[in-house]
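Q: Just dropping this structure here.
Coordinate-derived values only; no laboratory data. Keep in mind that what you see is a predicted model, and the values were worked out from it rather than measured.
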Amino acid sequence: MKIALHHIAYQIGYHPNEMARLVHDGEITGEVPENNPQSKDAWVDLHSLRNFIQWRRDQGRIDTMFYDKAIRHIDKHLRR
């Protein structure tokens, strides 16, 4: 399920530029046209983002509070 990159980035605590870099590096599935994360056409896949957040937590690179907040927002959008 696609969602605007700039919308979900702020909700889960990432800066859109950082999330655009993750898309560019292939860590998250998505698209950032003209390398502009604020573009209305920039998007990320919520399932890919959820898996990435889980992977980062499993590695110990994010804390529990960040993880809980991110998963809560991602799941809220997935239920829509």
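Q: Can you compute log10 of I(q)/I(0) for region 2-79 with the Debye formula, treating each Cα as one identical point scatterer, at q = 0.12, 0.23, 0.26 Å⁻¹?
A: Debye intensities relative to I(0), on a log10 scale: -0.28, -1.04, -1.30.
Q: Just from its helices, what would the mean residue ellipticity at 222 nm be for the chain, if runs of 4 or more DSSP H residues each count -39500 (n - 2.57) and the sum is divided by every residue, rounded to the nearest 500 deg cm²/dmol? Intermediate results must be reported in sequence, preceding the final value.
A: Numbers: 4 runs with 46 residues, N = 80.
That calculation yields -17500 deg cm²/dmol at 222 nm.
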